[in-house]
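One structure is given below, encoded as structure tokens.
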Amino acid sequence: MVRCTLAAGAVALLALSGSAQAVVFFDGVFNNSDWSLVGVTNANGAGSTTVGFQVTSGGNPNQYRRVRNNLVVSGPNGASLGLHMRAVYSYNPGAGAIGSINYSEDSINFVNQGGNGQGSGCVIFQSGKYYIQRNPILVMPYSTFNTWQPNSAPGLVASDFWELTLSGNLISSNNPDFSTSGGVMQFGFWRGNSANSSIQTDCGIDNWRVEILPVPAPGAMGALALSGLVALRRRR
């Protein structure tokens with residue numbers, strides 16, 4: 001009877017996983033032709049620059065993308081961000097509503113100075129708007145990120161992404177649409193700095209990964225619960 005119980009549970013689990021499979025985007029090579037870069041500054045960060053480029057050795061383990069930000073501050077809270085977007089990698093929520101997103105990267109900080117290196121996180125481009133991960137913002141202080149370290153944010157939901165306008169304004173109430181009515185999404189990452197004085201940062205990223213977890217199909221959880229009830233009855 002125990003073997004039958006385990007088999008019933010396994011079938012239900014397979015049905016559940018088959019109804020809502022994760023979609024994973026990954027890059028550990030960072031060919032320059034695969035990535036584009038959009039620089040965004042606010043009013044007090046005007047004149048700042050950001051660059052991103054592939055380095056063929058020294059990553060975790062080989063190629064990686066190096067990001068250098070030059071923040072030029074003319075007033076309080078000057079900010080500059082680079083939106084690094086991966087070509088081809090896109091997802092259509094119309095094919096399956098998104099339940100959550102797991103984001104991860106390996107990060108390194110090459111400059112021993114105050115601050116947290118560069119802020120980082122996932123970027124979504126949807127329906128002509130950019131949304132950047134704000135909860136949490138990933139950081140990389142030199143004391144712990146002077147060598148390659150994992151940097152991750154699991155379980156991201158739509159409200160964790162805020163719209164970033166090209167004039168550098170963040171709108172917390174504007175979020176991407178994870179439902180089946182949402183437009184096609186392109187993915188990438190952001191690297192940025194904000195400060196009251198000018199600063200230069202030099203960091204790297206490797207093993208960029210976005211895992212999209214769709215909402216389970218209706219009835220999948222019910223099937224799993226039913227299998228547990230059947231198993232309980234068989235034990236009796």
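Values in this text are rule-based calculations from the coordinates and carry no lab data. Keep in mind it's a predicted model, so treat the numbers as computed, not measured. Backbone-built Cβ (ideal geometry, glycine too); neighbour counts: all protein chains shown.
Around residue 28, under 11 Å between beta carbons, what's the net of Lys plus Arg minus Asp minus Glu among the other residues? Kindly include the intermediate steps, with their values, before the conclusion.
Working: positive: 65, 209; negative: 27, 105, 106, 206.
Neighbourhood net charge equals -2.
Given 0.36 nm per residue, what is the gain on full extension from residue 49 to residue 184 after removing their alpha carbon distance, in nm?
Details: separation 135, 0.36 × 135 = 48.60 nm, distance 2.91 nm.
Full extension from residue 49 to residue 184 adds 45.7 nm.
If Lys and Arg each add +1 and Asp and Glu each add -1, what is the summed charge of the other residues whose beta carbon sits under 15 Å from the beta carbon of residue 184? Display every interim value, and only then the final one.
Details: positive: 86, 129; negative: 177.
Residues close to residue 184 contribute a combined charge of +1.
What's the FRET efficiency of residue 159 with residue 57 using the Cβ-Cβ distance as r and R₀ = 35 Å, to the nearest 0.05? If you can, show how the numbers build up before the last one.
Values: r = 40 Å, r/R0 = 1.13.
So, using R0 = 35 Å, E works out to roughly 0.30.
Just in the range 23-130: which chymotrypsin sites (Phe, Trp or Tyr not before Pro) are loop by DSSP and have at most 13 other Cβ atoms within 10 Å? The partial results should precede the final answer.
Numbers: sites: 25, 26, 30, 35, 53, 64, 89, 91, 103, 110, 125, 130; in loops: 30, 110.
When the chymotrypsin sites (Phe, Trp or Tyr not before Pro) of the range 23-130 are filtered for loop state and at most 13 Cβ neighbours within 10 Å, nothing remains.
Using a cut-off of under 13 Å, list every residue of the range 182-221 whose amide N is near the label point 7 Å from the Cα of residue 129 along the Cα-to-beta-carbon line.
182-183
Give me the mean projected area, in nm² to one decimal, of the convex hull enclosing the Cα positions of the range 22-215. Please report the intermediate quantities before stating the final value.
Details: hull surface 39.9 nm².
Quarter of the Cα hull surface area: 10.0 nm².
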